[in-house]
1. Explain nothing, just compute: Karplus ³J(HN,Hα) = 6.51 cos²θ - 1.76 cosθ + 1.60, θ = phi - 60°, for every residue of the stretch 54-61 in order, whole Hz, x for Gly and Pro.
2. Collect residues whose amide H, placed 1.01 Å from N in the peptide plane, falls under 5 Å from the amide H of Arg148; neighbours closer than 5 in sequence don't count.
3. Pairs of alpha-carbon atoms within less than 8 angstrom and 6+ residues apart define the contacts here; what relative contact order does the stretch 28-164 have, in percent?
4. Stretched out fully, how many nm does the piece from His55 to Ala107 gain, at 0.36 nm a residue minus the Cα gap?
5. Short version: ³J(HN,Hα) in whole Hz for each residue of the stretch 152-163, in order, from phi by Karplus 6.51 cos²θ - 1.76 cosθ + 1.60 (θ = phi - 60°), x for Gly and Pro, what are they?
6. For the stretch 115-129, what does the Karplus curve 6.51 cos²θ - 1.76 cosθ + 1.60, with θ = phi - 60°, yield as ³J(HN,Hα) per residue in whole Hz, taken in order and with x for Gly and Pro?
7. Report the per residue volume, in Å³, of the convex hull enclosing the C-alpha atoms of the chain.
8. Report the charge-dipole magnitude of the chain in Debye, nearest 20, computed about the Cα centre from +1 at each Lys and Arg Cβ and -1 at each Asp and Glu Cβ.
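Nothing in this text is a laboratory measurement; each read-out follows from the coordinates by a stated rule. Predicted model, so just to flag it, every value in this text is computed and none were measured. Note that each Cβ is placed from the backbone with ideal geometry, even for glycine, and that neighbours are counted across all protein chains shown.
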Amino acid sequence: MTGAASGNHDLRALIRTIPDFPKPGILFRDVTTLLADGAGLRASVARMAEPWEGHGIDKVIGLEARGFILGGAVACHLGAGFVPVRKAGKLPGKVLTQDYALEYGSATFELHEDAIEAGETVLIVDDLLATGGTAEAGIALLERLGARIAACSFIVDLPALGGRKRLEALGMSVHTLVAFDGA
């Protein structure tokens, strides 16, 4: 994509901040306002995909839930398949599971056992990188299936919460579009 779709669109201005959600002291960075803006959505998808165009991405992995929206679009942009990593109890068939901690709770991810073939190159996509626990759980599932993880791509980075450092310590390449100070 060219022009406003991938160029100078101010994505940061399209992301609203909601204080004290989901609990007091949290500044929730809400990308639904960005997703509702056609040019903002196109720019986000293009910028998330651009570094991996022509690099043989076989599958894009979308982390529940906003990663589904973005991941499907990025996969289409790259001509790759799309695979959802879901919260427990949402996938039929045989699954692998991985527990993980959130900045304000815990959860379990699941991935179909046959979703990835060993050696396939994948790109992990989600809306926001906070502590990195969600992405780390996705990485653990994909590694168990033998995937080659090219990178993790997010719209928002919250550097104060250390997610980028956590993922980079695992050897992951991390790509983000905008960063916000604070938690």
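1. Per-residue couplings from phi come out as x, 10, x, 6, 7, 9, 9, 9 Hz.
2. Close amide H contacts, sequence-distant or interchain: Gly119, Glu120, Thr121, Val122.
3. Relative contact order of the stretch 28-164: 23 percent.
4. 15.5 nm
5. 10, 10, 9, 6, 10, 10, 10, x, 4, 8, x, x
6. Coupling constants for the stretch 115-129: 6, 10, 8, 3, x, 5, 8, 10, 10, 8, 10, 8, 7, 9, 10 Hz.
7. 107
8. 200
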